[in-house]
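Read through the structure below, which is laid out as C-alpha cells, and then see the notes.
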Amino acid sequence: MNYAYNFRLYPNENQRVLLEKHFGCDKCYEKISNQRKNFLQELSTRIIRENQTIIVEDLDIESMLKNKKLSKSISSCSWSEFIRMIIYKASWYGRNFKKVNRFFPSSKLCNHCRFVNHSLTLADRFWTCPNCFNILDRDFNASINIKTEGISGLACGESSGFMKQEFVTG
C-alpha cells in the first residue's frame with residue numbers, strides 16, 4: 001500500500017518529467033496536488049471510520065519548517081490540512097478528538113515508570129530508562145505516552161495539564 005501512494009505523493013525526477021511531457025508543467029503540479037488531497041481525504045476518512053477516539057499531538061509546524069533538512073518533507077505532507085480534515089470528519093461521524101499539547105514530554109517520558117529523560121536529543125532514536133532499565137524506541141514510546149495522556153483526559157474529564165484542545169461529540 002505504501003508503494004502505491006509513494007508515486008502519488010512524491011514522484012521522483014523521472015516520473016515528474018514524464019508527467020510534464022504528458023500533461024504540461026502546470027497540469028503536472030495540479031495532478032500531484034489533487035492526488036495528495038485525494039490521499040489525505042481517503043486516509044482521514046478511514047481513520048475516522050475505524051476509530052472512536054482520535055488523539056494527536058499538537059506540533060509547532062511553523063518552527064519545524066525553519067529546519068532546512070525537514071522543511072520540504074513537512075510542507076509537502078500537508079500536516080495542518082490533514083488535522084483539519086480529521087477534526088471536521090470527527091464532528092460529522094460523532095467521534096472524539098483530542099489534541100495533546102506540544103509541551104507534553106511524549107518522547108522523553110518513560111511509559112513504564114514515568115521517568116522524564118531531559119538529556120534526550122533528537123538524534124537519539126533508542127534510549128534506556130535509568131530508572132527501570134527498559135530500552136525504549138523514541139517514536140513508539142511517544143505514541144504510547146500520547147495515547148495514555150489522551151485517554152486519561154477522556155476518562156477523568158481532565159488531564160495532567162497537557163491537553164490543549166478537546167473536541168468530544170456525544
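The values are calculated or read from the model by the stated rules, or taken from the named source; none is laboratory data. A quick note: this is a predicted structure, and the numbers were derived from the prediction, not measured. Counting neighbours? That spans all protein chains shown, and the Cβs are built from the backbone with ideal geometry, glycine included.
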For this session: List every residue pair whose Cβ atoms lie under 8 Å apart, where the two residues are 6 or more positions apart in sequence or sit on different chains, the first residue falls within region 39-55 and is in contact (Cβ under 8 Å) with a residue 60 or more places away in the chain, and the second residue, located anywhere, is of a type outside the set (Val, Ile, Thr) and part of a helix (DSSP H, G or I).
Result: THR53/GLY150; THR53/LEU154; ILE55/LYS147; ILE55/GLU149; ILE55/GLY150
Exercise. For region 85-103, what are the residues that are out of contact with any Ser or Thr (no Cβ under 8 Å at 6 or more places or on another chain) and modelled with pLDDT under 90?
Worked result: LYS99, ASN101, ARG102, PHE103
For this session: Residue by residue through region 76-96, note down the ones that are within 12 Å of SER44 (Cβ to Cβ) and touching a Phe, Trp or Tyr at 6+ places or on another chain (Cβ under 8 Å).
Result: ILE86, ILE87, ALA90
